[in-house]
Amino acid sequence: MANPTAPERAAPDETVLAVEGLKTQFFTRDGIVRAVDGVSFDVKRGETVGVVGESGSGKSVTALSIMRLLAKRTGRIVEGSIHLVDTEITAASERKMRDIRGNVASMIFQEPMTSLNPVLKIGYQMTETIRVHQGLDKAAARKRALDMLRFVHIPEPERRINQYPFELSGGMRQRVMIAMALSCNPQLLIADEATTALDVTIQAQILELIRELREKIGMAVLMITHDLGVVAETCDRIVVMYAGKVMERGTVREVFRNPLHPYTKGLLASIPRLPEPGAAAREARGNLTELPGFVPSLRNVPPGCRFAPRCSYAVAKCHEESPPLMEKAPGRLTACFEAHRLMENAMPETANV
């Protein structure tokens, strides 16, 4: 699987992606949409970082900013830094970005049927990508494509490579997308809601495949999802976003056990849970917990903390000032003035999470 033309890979524990103070805006007739507003996080080699939040929180726009795939007429990175291995993305030319996409960073999307060309065979689409980025001839590119299809456990690759996307199942198409994304040995894989459109059985297979490939080739993974179950099973660290801002960062274990932001606490409380063994049927039929209110319009952001209108912990200061992202414990950052109240109710270290 080695790629002799690939750039030198990051060393173990070395940072592959560093996003600092990223601000991405869309300039529309109705005003400026501040889709990403001061987001910071990093991803190390061999690590999976999950970015979570409700729809409209800025997760996908963050990913598109990293890949420089924003709508050219309206979308723009206005501030901040995106450092990918040895390149500052925000200052890179479009020619440089074409070399980076696929070779250094690849992205898989939510619905593979809209990402694959329906009128072109799988083999053509895969070999085109490989030939453009790797400079291989047609025969070598086809061999590489077949190797990648085997690598992602697609049965009968010699037959599948000659089929059209509509002839494959949803799970098979997503495996093809993963094979294409990994065909040039990227150092960073961005998975944007890559399993949302799949049933739970196929979803589990795709997540296990991504984990297996991460361990085999040591790539970094940025997992963008609204599914906290996916994060719990696949991620090492978590970034919680709301209305374009980071609300909390930390390891998955610590954040799930002791959330330090009311928004994170609300997301975790909304996860359906099976009743404890022996619980009465009446007790098991409770209503799901939900967050009141709605995500604010990013064209007209309220003053203060963006979550304050929906927050039961909010005080007067929360409606007036925007809390900075502060380190409350080693590796634990939260943007909340009242985080101490959540810390007081934290679960003991011996708790079984």
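The figures follow:
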quantity	calculated
Neighbour-limited loop hits for trypsin sites (Lys or Arg not before Pro), the range 13-83 (at most 16 other Cβ within 10 Å; DSSP other than H, G, I, E, B)	Arg29, Lys72, Arg73
Cα radius of gyration and Dmax for the range 89-190 (Å)	13.3, 43
Candidates Ser93, Ser81, Ser65: whichever shows maximal mean-square fluctuation once the chain is modelled as a Gaussian network with Cα springs under 10 Å	Ser93
Computed over the chain, Cα set: Rg, Dmax in Å	21.5, 67
³J(HN,Hα), Karplus 6.51/-1.76/1.60, whole Hz, each residue of the range 141-153, x for Gly, Pro	5, 5, 4, 4, 4, 5, 4, 5, 5, 5, 4, 9, 6
Filtered GluC sites (Glu not before Pro), the range 122-183: DSSP coil and at most 16 other beta carbons within 10 Å	none
Relative contact order of the range 175-251, pairs being alpha-carbon contacts under 8 Å that are 6 or more residues apart, as %	26 percent
Amide hydrogen neighbours beyond the local backbone of Glu14, cut-off 5 Å, H modeled	Arg45
Residues with amide H under 5 Å from that of Ser322, placed H, sequence gap 5 or more	Gly304
For the range 35-110, the fraction of alpha-carbon pairs in successive 10 Å shells from zero, as %	15, 53, 30, 1
Highest-MSF residue in the chain out of Leu333, Leu189, Leu69 [GNM, Cα springs under 10 Å]	Leu69
Above-threshold pairs, the threshold being 19 Å between Cα atoms, out of Lys23/Lys72; Lys23/Lys328; Lys245/Lys265; Lys44/Lys72; Lys59/Lys96	Lys23/Lys328; Lys44/Lys72; Lys59/Lys96
Calculated from backbone phi, Karplus (6.51, -1.76, 1.60) coupling profile of the range 26-40 in Hz, x at Gly/Pro	10, 9, 10, 5, 8, x, 8, 9, 8, 5, 10, 9, x, 7, 9
For the range 160-184 and the range 66-100, distance of Cα centres in Å	27 Å
Sequence of Lys216, Lys245, Lys138 when ordered by accessible area, the most exposed leading, probe 1.4 angstrom	Lys138, Lys216, Lys245
Whole-Hz ³J(HN,Hα) from phi, Karplus 6.51 cos²θ - 1.76 cosθ + 1.60, for the range 179-186, glycine and proline x	4, 5, 5, 9, 5, 10, 6, x
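The values are calculated or read from the model by the stated rules, or taken from the named source; none is laboratory data. This one's a predicted model, so the numbers in the text were calculated from it and none came from an experiment. Here Cβ is always computed from backbone atoms with ideal geometry, including for glycine, and neighbour counts include all displayed protein chains. These accessible areas exclude ligands, DNA and RNA; they are computed on the full protein's heavy atoms, side chains included. Shrake-Rupley method; radii C 1.70, N 1.55, O 1.52, S 1.80 Å.
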